[in-house]
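Reading through the structure tokens given below for one structure.
Read-outs throughout are calculated quantities, based only on the coordinates presented, and are distinct from any laboratory measurement. Just so it is clear, the model here is predicted, and its values are computed rather than measured. Cβ atoms come from the backbone with ideal geometry, glycine included; neighbour counts cover every protein chain shown.
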Amino acid sequence: VTDAPDGAFCWICHEGAKEWPGDQPGFQELNRDCSCRGSSGYSHWSCLVQYAANKVAEGGDITKAWRECPLCNQRYNNELQLDMADAFIQMADQIDDCDPFRYAEALWT
């Protein structure tokens, strides 16, 4: 994950570092692990998960937002890739008619 430069902000909520939602202590740092360059492509973890969940609700390719950056169209890498896959499986597991194994497999295609 690339450290955010001074002045960088989340492309989703347009804020810098912010508190975690709910009971989680501390601050969410901006992170990026795709092919974006400069100050673009940074996001908060909670913003990125919410963005991907909203894309699922819209329909279409329901796995794309979980596996690749919508700005540079490159797959997420390293820890972010694993975290997004885990969050997707957790979301899919909450849907009654969803087969989480099918969706997990789709993440890697």
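Note on the stretch 60-89: residues that are closer than 12 Å to Cys34 by Cβ, in a helix (DSSP H, G or I) and of a type in the set (Asp, Glu) amount to 0. Out of the residues in the stretch 38-56 that are more than 10 Å from the chain's Cα centre (by Cα) and touching a residue at least 24 places away in the same chain (Cβ under 8 Å), state the one that is farthest from Gln81 (Cα to Cα). Checked the stretch 38-56; the qualifying residue farthest from Gln81 (Cα to Cα) is Ser39.
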